[in-house]
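Okay, so here's the structure we're looking at.
The values are calculated or read from the model by the stated rules, or taken from the named source; none is laboratory data. The structure displayed is predicted, hence computed values, not measured ones. Cβ: placed from backbone, ideal geometry, glycine included. Neighbour counts: every protein chain shown.
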Amino acid sequence: MLQIERLGKTYPNGTVALDGLSLSVDAGEIVAVIGGSGCGKSTLLRLLSGLDHATRGTVGVDGVTITEPHPAVGIVFQEPRLLPWLTVAGNVGFGLEELPAEERERRVQEALARVGLADYAGRWPRELSGGQGQRVAIARALVPRPAVLLLDEPFSALDAFTREELQDHLLDLWADHRPTLVLVTHDIEEALVLASRIVVMRPNPGRIADIFDIDLPRPRDRLSPDFESEKRRVLRALNATLVRHRPRAAE
Amino acid sequence: MSNVDQVLPAPPEAIAPPTRPERTGWRFSWALGLLLPVAVGLGWELLVHFGLVNGRLVPPPSRIFLALNELWQSGELSRHLLATSARVAAGFAIGVAAGTLVAVVTGYSALMRRLIDPTLQGLRAVPSIAWVPLFILWLGIFEESKITLIAVGVFFPVYLGTLGAILSIDRKIVEVGRVFRLSALGLVRRILLPAILPAYVLALRGGLGLGWMFVVAAEFMGASEGLGYLLVDGQQLGKPDQIVAAILAFAVLGKLSDSLLVALTAPFLRWVDVYAGGR
């Protein structure tokens with residue numbers, strides 16, 4: 001279980017990126033965090049991952065307080081961030097250095113097969129497409145079997161087709177060990193396809209504006225009327241967070 | 001660096017990117033570069049041969065090869081080659097060690113960088129020959145002063161290249177190391193070192209090039225052996241063929257040592273993803 005309590009982050013320049021955010025995510029749940037730019041959603045993810053320190057409040061994973069990167073929490077960034085000097089297999093196995101070579105090899109092969117890149121083990125990252133690179137990044141994050149996987153706009157740099165393919169693929173992977181997923185996105189459809197709960201955030205300072213439970217049956221049909229109406233519901237809430245901060249034209 | 005592409009051997013066929021431009025069609029296009037020097041050499045040889053010029057100050061190729069051969073037969077050439085190579089090797093080793101160490105310290109700590117870097121940049125502006133009298137006063141006229149001068153020459157490109165590489169390491173890649181909770185040592189070994197390696201190899205090559213430059217200055221300080229001695233000797237005794245022979249030896253040695261460095265480091269750089277230049 002992921003427990004976020006009154007989490008706040010004020011940057012040294014005085015910007016309050018996040019103010020008193022509380023949220024509790026069940027084990028195996030998929031939560032999408034959505035919001036306009038500057039609403040603190042990326043800050044939230046960096047605090048959850050332990051890469052940045054909170055100014056106030058706490059993050060707990062199964063009772064352990066997260067203040068720095070922890071093996072129970074994996075992260076996939078917006079770009080693959082593969083290490084160019086390691087092969088695909090080397091990148092996937094990067095977090096398994098302590099395991100004996102055979103075990104590591106087996107887990108890496110397994111993970112690569114699972115993301116459909118079994119034949120790419122010996123390739124260099126430069127030889128991958130954007131979608132393939134992001135699959136390798138997901139495999140790298142999942143292979144140590146984290147309890148919580150954070151995804152920071154993981155598919156935003158991909159074309160629409162690849163994006164939908166990877167969204168479905170992510171759900172398949174999630175079904176294997178059912179880690180808790182926290183997905184930051186600015187794409188409402190992506191949030192609706194993946195999440196069982198959508199957290200809408202608002203800026204200045206970053207905090208929760210609305211939370212929606214999404215009960216659409218899975219697998220979700222992006223074209224169904226129910227999907228459309230849920231989309232409208234979330235969009236309306238999202239718009240409400242944005243309108244208020246639009247600068248007025250000079251009169 | 002005109003031959004950066006030598007760092008990057010072509011990847012195996014199976015993984016070669018599909019859109020590599022074809023090489024120039026003609027098989028012997030590499031020989032084009034030989035045309036000019038061979039034609040000039042041959043022309044000069046013929047002019048001297050037919051007595052149209054006397055070739056005393058500008059010896060024809062045959063005389064240069066004769067001089068080279070003589071030096072080789074008498075064992076002189078290998079003695080001078082060894083002496084010069086040994087000096088460059090020693091100076092290079094010291095310069096690389098010092099340059100790398102200082103770059104790591106200043107790259108790691110902003111405070112050390114502010115403390116040390118301005119002084120080094122100032123020293124870097126000093127022309128190499130300006131050190132010679134000082135080094136002779138301090139260290140005498142034997143090997144110590146020569147090797148020190150070479151080490152100074154090697155130090156700066158290695159320092160600059162390494163520091164630049166350290167400072168331009170991508171923060172995002174370092175974060176990957178943090179996510180996987182690498183220790184300080186693990187971060188250096190698994191992220192920072194491989195990240196700077198391509199730039200570091202270039203810095204080493206630059207350093208080696210300057211090492212060969214500075215060994216001449218060092219041997220002009222008064223040496224009893226070495227290619228620089230052959231140069232001075234050839235000038236004082238009026239033997240231009242010997243001077244050109246020594247220059248040729250420098251060219252061969254410099255190119256060989258650079259190729260060796262490239263070959264030794266190439267296996268570690270197969271991953272590099274760069275614009276490979278107009279092949």
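Scanning segment A:62-105 for residues that are at the interface with another protein chain (Cβ under 9 Å from one of its Cβ atoms) and more than 26 Å from B:R270 (Cβ to Cβ) turns up A:E68, A:P69, A:H70, A:P71, A:V73, A:G74, A:I75.
Candidates A:L173, A:L149, A:L158, A:L166: the one that is of a type outside the set (S, T, N, Q) and assigned to a strand (DSSP E or B) is A:L149. Under the condition of being within 12 Å of another protein chain (Cβ to nearest Cβ) and under 16 Å from A:L83 (Cβ atoms), the residues counted in segment A:106-120 number 1. On the basis of being away from chain B (no Cβ under 12 Å), of a type in the set (A, V, I, L, M) and under 20 Å from A:E189 (Cα atoms), does A:A139 make the cut? So A:A139 does not fit the description; no.
Working only within segment A:85-117, note down all residues that are in contact (Cβ under 8 Å) with a residue 40 or more places away in the chain and under 17 Å from B:V179 (Cα atoms). Write out each step before concluding.
Applying the first criterion (in contact (Cβ under 8 Å) with a residue 40 or more places away in the chain) to segment A:85-117 yields A:88, A:91-96, A:114-116.
If the condition is that a residue be in contact (Cβ under 8 Å) with a residue 40 or more places away in the chain and under 17 Å from B:V179 (Cα atoms), then A:N91, A:V92, A:G93, A:F94, A:G95, A:L96 are the ones that fit.
Filtered by the rule that a residue be surrounded by fewer than 18 Cβ atoms within 10 Å (Cβ to Cβ) and part of a helix (DSSP H, G or I), segment A:93-106 gives A:A101, A:E102, A:E103, A:E105, A:R106.
Out of the residues in segment A:121-130 that are free of Cβ contacts under 8 Å to residues at least 40 places away in the same chain and over 20 Å from A:R163 (Cα atoms), which is nearest to the other protein chains (Cβ to nearest Cβ)? Across segment A:121-130, the extreme among qualifying residues is A:R123.
One line per residue, one yes/no per condition, for (1) surrounded by fewer than 21 Cβ atoms within 10 Å (Cβ to Cβ); (2) out of contact with any His (no Cβ under 7 Å at 6 or more places or on another chain); (3) within 12 Å of another protein chain (Cβ to nearest Cβ):
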position	(1), (2), (3)
B:E175	yes, yes, yes
B:L204	no, yes, no
B:W212	no, yes, no
B:E219	no, yes, no
B:V232	yes, yes, no
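All of A:P217, A:P205 fail the test of being part of a loop (DSSP other than H, G, I, E, B) and closer than 24 Å to A:R46 by Cβ, apart from A:P205. Residues in segment B:132-180 that are part of a helix (DSSP H, G or I) and acidic (D, E): B:E143, B:E144, B:E175. Whenever a residue of segment B:229-241 is within 15 Å of B:F65 (Cβ to Cβ) and touching a residue at least 24 places away in the same chain (Cβ under 8 Å), its partners that are buried (at least 16 other Cβ atoms within 10 Å of the Cβ) and not small (G, A, S), lying with C-beta atoms within less than 6 angstrom and at least six residues away or across chains, give the pairs B:P240/B:P59; B:D241/B:P59; B:D241/B:R63; B:D241/B:I64.
The number of residues in segment A:121-154 being crowded, with 20+ Cβ neighbours inside 10 Å and over 22 Å from the mean Cα position of the chain (by Cα) comes to 1. In segment B:244-255, is there at least one residue being among the β-branched types (V, I, T), surrounded by fewer than 16 Cβ atoms within 10 Å (Cβ to Cβ), more than 17 Å from B:V158 (Cβ to Cβ) and within 14 Å of chain A (Cβ to nearest Cβ)? No, every residue in segment B:244-255 fails to be among the β-branched types (V, I, T), surrounded by fewer than 16 Cβ atoms within 10 Å (Cβ to Cβ), more than 17 Å from B:V158 (Cβ to Cβ) and within 14 Å of chain A (Cβ to nearest Cβ). Beta carbons closer than 9 Å, at least 6 apart along the sequence or on distinct chains, pair a first residue in segment B:179-193 that is without any contact (Cβ under 8 Å) to a residue 24 or more places away in the chain with a second that is among the acidic types (D, E) for B:F180/A:E97; B:R181/A:E68; B:L182/A:E97; B:G186/A:E97; B:R190/A:E97.
Applying the condition of being more than 20 Å from the chain's Cα centre (by Cα) and crowded, with 17+ Cβ neighbours inside 10 Å to segment B:73-103 and asking which residue is nearest to B:P157 (Cα to Cα) yields B:V102. Residues in segment A:10-37 that are touching a residue at least 24 places away in the same chain (Cβ under 8 Å), more than 23 Å from A:E68 (Cβ to Cβ), surrounded by fewer than 17 Cβ atoms within 10 Å (Cβ to Cβ) and not polar (S, T, N, Q): 3 in all.
Need a quick list: helices (runs of 4 or more DSSP H) entirely within segment B:1-111 having at least 1 residues that are modelled with pLDDT of 85 or more, more than 14 Å from chain A (Cβ to nearest Cβ) and closer than 30 Å to B:W271 by Cα. Counting at least 1 such residues, we get B:76-108.
The residues on offer are B:L163, B:L167, B:L197, B:L149, and the sole one that is closer than 30 Å to A:T87 by Cα, surrounded by 16 or more Cβ atoms within 10 Å (Cβ to Cβ) and away from chain A (no Cβ under 14 Å) is B:L163.
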